[in-house]
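Engineer: This is the structure, below, for whatever I ask next.
A short reminder: the numbers here are calculations on the coordinates, not readings from a lab. In this text, all values refer to a predicted model and were calculated from it rather than measured experimentally. Glycine gets a Cβ as well: all are built from the backbone with ideal geometry, and neighbour counts include every protein chain shown.
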Amino acid sequence: MSETITLHGHPVSRGVGEGEALVCDKPLSFIAVGISNEEGIVRIDKHPLNGQSIAGKVLIYDTDIFSTGGALSMYTKKTIYKTAPAAVIWRKAHNIGAGGTIYAGVPSMDQIEEGLPWDLISTGDWVKVDSEQGIVEVTKKS
Amino acid sequence: MRLSDSDKRKLDGEEGPAVRHAMEHLVKMGGAFEAEEMVDLHSCHLLSDYRTMGEGGLEFYEQLVEWGGIMRVPTTCDPMSMDMKNMDKFDWPEGYPEKQTRISDAFRDLGVALTFSCTPHLGHNVPKFGENLAWVEGNATGYANSVLGARGNREDSITAPLAGIAGRTPKFGLLDPENRVGECLSRSIRTSWSGWAATAVGLAIFRHWE
């Protein structure tokens, strides 16, 4: 049986979402030229997630960088193309990611009490983010 | 977050659906960043670029128009994603110029000045000392905070227009005077090196905080 751990954090966008984790320890942007709205695939040269799809994943990264337009890009991914992540966890939320996830209704959290999110969660783990309760359940990939 | 009586009336829909919708978002933003209250907004600067916002962004602005939204503060906008005067020289995807035009039309209805510039602080939209901003443009926000003494976070492209419609924004980050106090002091000894020295000092401080 797979190991399950429970983490605690600070709710940003309230809701419940779950999916497979896609993890990096670098900043990222939802801007359309960085992650295409239509496909949800990261296209940022030399970024650790370059070429990966964020659609339906629980996306874990440092915080938002690049354009403030990332918020509306996130909204378009969620409402038009269904390429938004299931949930987002940051080390620390920036307005851009917070505004985008709150408006698009994508659950999000930051400031995980147990440590840095990329030290606790690995790509491929199954993660349930409950930002109503401020809880993250991680089922480690066996 | 503590809401004023006027905030509560806006949230209850007494000033129309656009204002209520805006306040609902702003309350959630304030909650996420643990703001204690909202402050009056004085200036707004919005995202115009269809390539970035996509269909969802266009629908977002058009919905605000349909709900009777109007910017309550002087509002300018960033450049659009195409050169309308030389449209025929490029091979635009079908329907693209129409979508970009619909954004301008929505802006006109919302009362946005169609300045299409990244530098509102150089003439179109110059805030005064101590005024509160919701600007999506980072370079302009940096200038306004440091040179003009206005107060603004590097605002996201959804919260900025909603703050403009509500005329209010949650007080957190650089909007809170408590967060605007200097935390370190550097002295320059050779002014001829000041550009390089400022960069080195900036990087040293950044690394210290990281």
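Engineer: Between rounded, prolate and oblate, where does segment A:4-139 land on the alpha carbon gyration tensor, with a ≥ b ≥ c its root eigenvalues, rounded for a/c under 1.5, else prolate if a/b exceeds b/c?
Structural biologist: Note, shape of segment A:4-139 comes out prolate.
Engineer: Straight distance only, please: which aspartates and glutamates reach the Cα of A:Lys26 with their own Cα at less than 14 Å, same-chain residues fewer than 8 apart left out?
Structural biologist: The qualifying aspartates and glutamates are A:Asp45, A:Asp62, A:Asp64, A:Asp119, B:Glu210.
Engineer: In nm, give the distance between the simple-model label positions of A:Phe66 and B:Asp109, each being 7 Å from the Cα along the Cα-to-Cβ direction.
Structural biologist: Using points 7 Å along Cα→Cβ, the separation is 3.0 nm.
Engineer: Can you put A:Thr139, A:Thr101 in order, fewest other beta carbons within 10 Å first?
Structural biologist: A:Thr139, A:Thr101
Engineer: Any idea which of B:Leu58, B:Gly164, B:Pro93 is furthest toward the positive side of the dipole for segment B:5-175, if Lys and Arg beta-carbons carry +1 and Asp and Glu beta-carbons -1?
Structural biologist: In segment B:5-175, that residue is B:Gly164.
Engineer: Alpha carbon centre of segment B:1-65 versus segment A:14-62: separation in Å?
Structural biologist: The two parts, judged by their Cα centres, are 26 Å apart.
Engineer: Sticking with this structure for a sec: In percent, what relative contact order does chain A have, based on Cα pairs under 8 Å that are 6 or more apart in sequence?
Structural biologist: Relative contact order of chain A: 39 percent.
Engineer: Additional query: Taking a threshold of 20 Å on the Cα-Cα distance, which of the pairs A:Lys57/A:Lys140; B:Lys8/B:Lys28; A:Lys77/A:Lys141; A:Lys46/A:Lys92; A:Lys92/B:Lys28 fall above it?
Structural biologist: Going by Cα-Cα distance, A:Lys77/A:Lys141; A:Lys46/A:Lys92 fall outside the 20 Å limit.
Engineer: Within segment A:1-68, list the trypsin sites (Lys or Arg not before Pro) lying in a DSSP loop whose Cβ has at most 12 other Cβ atoms in a 10 Å radius.
Structural biologist: When the trypsin sites (Lys or Arg not before Pro) of segment A:1-68 are filtered for loop state and at most 12 Cβ neighbours within 10 Å, A:Lys46 remain.
Engineer: Rounded to the nearest 5, what % of the DSSP beta bridges within the protein assembly as shown are antiparallel ones?
Structural biologist: Of all bridge pairs located within the protein assembly as shown, approximately 55 percent are antiparallel.
Engineer: Among A:Ile89, A:Ile135, B:Ile205, what is the fewest-to-most ranking by other Cβ atoms within 10 Å?
Structural biologist: Going from least to most buried by this count: B:Ile205, A:Ile135, A:Ile89.
Engineer: Another question about this same structure. With N denoting the number of residues in chain B, provide Rg(C-alpha) divided by 2.2 N^0.38 Å, to two decimal places.
Structural biologist: For chain B, the normalised Cα radius of gyration is 1.15.
Engineer: If you rank B:Glu183, B:Glu155, A:Glu137 by fewest surrounding Cβ atoms within 10 Å, what's the result?
Structural biologist: Listing B:Glu183, B:Glu155, A:Glu137 from fewest to most nearby Cβ atoms yields B:Glu183, A:Glu137, B:Glu155.
Engineer: Let me ask another. Shape of segment B:73-189 from its Cα gyration tensor (a ≥ b ≥ c, root eigenvalues): rounded if a/c is under 1.5, otherwise prolate when a/b > b/c, or oblate?
Structural biologist: In terms of gyration-tensor shape, prolate.
Engineer: What distance in nm lies between label points placed 7 Å from Cα along the C-beta direction at A:Thr4 and B:Lys85?
Structural biologist: 6.4
Engineer: Quick one: dipole size for chain A, taken about the Cα centre, charges +1 on Lys/Arg Cβ and -1 on Asp/Glu Cβ, in debye to the nearest 20.
Structural biologist: Using only the charged Cβ atoms, the result is roughly 400 debye.
Engineer: Here's something else I'd like to know. Of B:Gly149, A:Pro85, A:Leu7, which is farthest on the positive side of the dipole of the protein assembly as shown, counting Cα position, with +1 on Lys and Arg Cβ, -1 on Asp and Glu Cβ, and the Cα centre as origin?
Structural biologist: About the Cα centre, the residue reaching furthest to the positive side is B:Gly149.
Engineer: What's the FRET efficiency of B:Val65 with B:Asp5 using the Cβ-Cβ distance as r and R₀ = 30 Å, to the nearest 0.05?
Structural biologist: That pair, B:Val65 with B:Asp5, gives E of 0.60.
Engineer: Follow-up. Working from the pairwise distances between different alpha carbons, so that the mean of 1/r is found and then inverted, what is the protein assembly as shown's Kirkwood radius in Å?
Structural biologist: Final number for the Kirkwood radius of the protein assembly as shown is 21.1 Å.
Engineer: In debye to the nearest 20, how big a dipole does the protein assembly as shown give about its Cα centre with +1 on each Lys and Arg Cβ and -1 on each Asp and Glu Cβ?
Structural biologist: 780
Engineer: A:Ile112: net charge of surrounding residues, Cβ under 11 Å, Lys/Arg +1, Asp/Glu -1, itself excluded?
Structural biologist: Charge balance near A:Ile112 sits at -2.
Engineer: Would you work out the relative contact order for chain B, in percent, from Cα pairs under 8 angstrom that are 6 or more residues apart?
Structural biologist: The normalised contact order for chain B reaches 26 percent.
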